[in-house]
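The values are calculated or read from the model by the stated rules, or taken from the named source; none is laboratory data. Only a predicted model underlies this, so the values are computations on that prediction, with no experimental measurement involved. Methodologically, a virtual Cβ is constructed for each residue, glycine included, from the backbone with ideal geometry; neighbour enumeration extends over all protein chains shown.
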């Protein structure tokens, strides 16, 4: 298990490495460290701009070779997001390090958790939260698949779909309370009255009756949040959606 000191040393080493790379236009600390909310479990989140005329994949390849060689990295994966490439590394200590690279013309804060360390950045353009209509649509889409999976006795897939219904309903609650809708980040910040109804949406036993029960609870929550987000749409969807679990 990594220590906070190991994490801080790694962050400092990568920032120094970037500062000495003439291809880099700017570097920033992102994530919890940039917001002053770093704790024992926080990872390393860094973002860098790459000068015009330099290929981002080549910089990533060089940096990847460096961190594998110096830090004995076990594995990595890429998460593309628009012009950004987030290369996520796993170290032997289980420390996660996210290096986000983008052409200099797009190097900017995408959220408040962006602390410029060196170089320059463009004007911030914070990513909007997922719109309610998208969350509603994904909610009922998961619900349709949850119904069919329960009916077909595909119990593992059914549990996955029920969780999708619950998670999108909770994301709608996050949107309503002005919290992040991404990756469950806002869920633990919701008030008790918003989360309490969903405790029953957890599947506790691996059999059809229990899946159906949990599905019904998740659907009640989803319909309630849809009505709050868009009353007109909620009234149209209320009857068919509440019947999904009842029909099983």
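Of the residues making up segment 183-194, those that are surrounded by fewer than 17 Cβ atoms within 10 Å (Cβ to Cβ) and in a helix (DSSP H, G or I) are 188, 189, 192, 193. Do we have residue 64 as surrounded by 11 or more Cβ atoms within 10 Å (Cβ to Cβ) and over 30 Å from residue 235 (Cα atoms) here? Yes, satisfied. The lone criterion from (1) more than 22 Å from residue 129 (Cα to Cα); (2) modelled with pLDDT under 95; (3) surrounded by 16 or more Cβ atoms within 10 Å (Cβ to Cβ) left unmet by residue 180 is number (1). When you scan segment 20-49, how many residues do you find that are more than 20 Å from residue 126 (Cα to Cα) and exposed (fewer than 15 other Cβ atoms within 10 Å of the Cβ)? Total meeting the criteria: 5. Scanning segment 195-245 for residues that are closer than 20 Å to residue 151 by Cβ, outside any helix (DSSP H, G or I) and in contact (Cβ under 8 Å) with a residue 24 or more places away in the chain returns 203, 206, 207.
If you take the residues in segment 104-115 that are in a loop (DSSP other than H, G, I, E, B) and modelled with pLDDT of 95 or more, which one is surrounded by the fewest Cβ atoms within 10 Å (Cβ to Cβ)? Of everything passing the filter in segment 104-115, 109 is surrounded by the fewest Cβ atoms within 10 Å (Cβ to Cβ).
Every residue, every condition in (1) more than 27 Å from residue 180 (Cβ to Cβ); (2) in contact (Cβ under 8 Å) with a residue 60 or more places away in the chain, yes or no:
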| position | (1), (2) |
| --- | --- |
| 41 | no, no |
| 44 | no, no |
| 59 | yes, no |
| 71 | yes, yes |
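In segment 117-147, how many residues are assigned to a helix (DSSP H, G or I) and either buried (at least 17 other Cβ atoms within 10 Å of the Cβ) or within 20 Å of the chain's Cα centre (by Cα) (or both)? Qualifying residue count, segment 117-147: 15.
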